[in-house]
Amino acid sequence: MPSDAVRTPSAAGVDRLIEIRRELHRFPELSGEEHETTRRIRGWLSEAGIRILDLPLATGVVAEVGGLQPGPVIALRADIDALPIQEETGLPFASEIEGRMHACGHDFHTAALIGTAYALKAREDRLRGTIRLIFQPAEEKAKGAKQVIGSGALEGVQAIFGMHNKPDLPVGTIGIKEGPLMAAADGFVVEVAGKGSHAAVPEAGLDPIVTASHIITALQSVVSRNISSLSSAVISVTKLHSGTAWNVIPEQALLEGTIRTFDQQVREQVLARFEQVVRGVAEAFGTTAGVRWIEGPPPVDNDPALAELGTAAAEAAGYRAIVPVPSPAGEDFAVYQQAVPGLFVFMGTNGKQEWHHPAFDLDENALPVSVAFFTQLAEDALAHFGHGGASK
């Protein structure tokens, strides 16, 4: 029977995971285009005798370990897509594809889950239940989780676990928090329709730029005057386009931006009030305005019982569990949490740059930490649900 030490990869095992991570890093693929990444993952899993499920996914892989003994089914998830960013790390294994980069560490997530799969496979005869391994496509477009759920990959799953690397946490530190951890991330496009005229006779037109300016100002009151000071929300207008000439009042103005919230009720309140403000201000200036939403993922909201389980697993694996500061970034792991209880954690990677930076990199010493933690957590979760454990 495998010893407890199997939870932590050997030096050779760590070297292999580093090779896997670097190969993925060299050949990044964008959301929905992860065909070679999928092929590589399938190959690495098949080499270890890990069974791959036949599910209707164009990209991405779902596999299983365990099932030799009866018990619950839990899932571990990693995302596999990259970003349309030109890499500026200067690393010897830098991206070989122009304008594409693993600037969010999904290559690290994938390699860590492969390592966890290997460790669990070595312990398969002692697993009381089944561990489903989800290598998810299209996280950056917030579409992949829905695709995975639509494929049937969550059928029978009682809980799901995942992580994101965290550059500002040291290696060996794991951020685990019950409740909101990452924000809902919704985008908006506002089109203001006015009436064009010569700039010398503005009274002959309806200036959409003036309307847009007042909309931007008025939107700041949504958070400051409509949301409790005990809650949080951010509205950022990040684009304003209008006009083609210095002496012409244009017909239209276009605003774009994002809204971030940590609570579903607050999210709904902010979105509703946003539309009221936009249309009300536009009407006050005699113009009209329409809002088009770019729906992002809901808030990542961690199950309290699973957060306790994760903290215990981190300590049992010999690592430091902390309560992290929530991140206003979005993560479609939240979509799984709407279907089954879930826990998403921050894995310390001691990076020098934040996510999505062209010089983003991380400390690969976090790979064995991730493997040991998730192997411990997976076994503890099987025991928890196998003994009738439930979410709070």
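The values are calculated or read from the model by the stated rules, or taken from the named source; none is laboratory data. Here the structure is a predicted model, which is why all the values come from computation and not from measurement. In this analysis, Cβ positions are derived from the backbone assuming ideal geometry, glycine residues included, and neighbour counts consider all displayed protein chains. Note: areas computed on protein heavy atoms with side chains; ligands, DNA, RNA excluded. Shrake-Rupley method; radii C 1.70, N 1.55, O 1.52, S 1.80 Å.
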Karplus ³J(HN,Hα) for region 277-293 (6.51 cos²θ - 1.76 cosθ + 1.60, θ = phi - 60°; Hz, whole; x = Gly/Pro) runs 5, 4, 6, x, 5, 4, 5, 4, 9, x, 9, 10, 8, x, 10, 10, 8
In degrees, nearest ten, helix 208-226 long axis to first principal axis of the chain (Cα):
50 degrees
How large is the accessible surface per residue of region 39-117, computed with a 1.4 Å probe and reported in Å² as a whole number?
37 Å²
Where labels lie 7 Å past Cα in the beta-carbon direction, separation of SER224 and ALA200 in nm:
3.9 nm
Between SER10 and VAL325, how high is the FRET efficiency from 1/(1 + (r/R0)^6) when r is the Cβ-Cβ distance and R₀ = 30 Å? Nearest 0.05.
0.30
Which angle between 0 and 90 degrees, to the nearest 10, do you get for helix 304-316 versus the longest principal axis of the chain when only C-alpha atoms count?
50 degrees
Which whole-Hz ³J(HN,Hα) couplings does region 231-239 yield from phi under the Karplus relation 6.51 cos²θ - 1.76 cosθ + 1.60, θ = phi - 60°, glycine and proline marked x?
9, 9, 7, 9, 10, 10, 8, 10, 9
Taking amide H positions as placed 1.01 Å from N in the peptide plane, with prolines and chain starts having none, which residues 5 or more places from ALA321, or on another chain, fall under 5 Å of its amide H?
ILE174
For the chain, what is the relative contact order in percent, using Cα pairs closer than 8 Å and at least 6 residues apart in sequence?
24 percent
Expressed in angstrom and rounded, the centroid-to-centroid distance over alpha carbons for region 335-380 and region 233-296 is 35 Å
Inter-probe distance in nm under a simple model that places probes 7 Å from Cα toward Cβ, at ALA383 and ARG39
4.2 nm
ALA48-ASP125 pseudo-label distance in nm [points 7 Å out on the Cα-to-Cβ vector]:
1.9 nm
Determine the relative contact order of region 1-78: mean sequence separation of Cα pairs under 8 Å and six or more apart, normalised by residue count, in whole percent.
19 percent
Using only Cα atoms, tell me the angle between helix 11-26 and the longest principal axis of the chain; keep it within 0 to 90° and round to the nearest 10.
30 degrees
Would you mind calculating the relative contact order of region 143-283 from Cα pairs under 8 angstrom and at least 6 residues apart, reporting the percent as a whole number?
30 percent
Within the chain, what whole-number % of the accessible surface is contributed by carbon and sulfur, with the 1.4 Å probe and all protein chains included in the calculation?
52 percent
Pop out the ³J(HN,Hα) list for region 141-151 in order, Karplus 6.51 cos²θ - 1.76 cosθ + 1.60 with θ = phi - 60°, rounded to Hz; leave Gly and Pro as x.
9, 6, 10, x, 4, 5, 5, 5, 4, x, 6
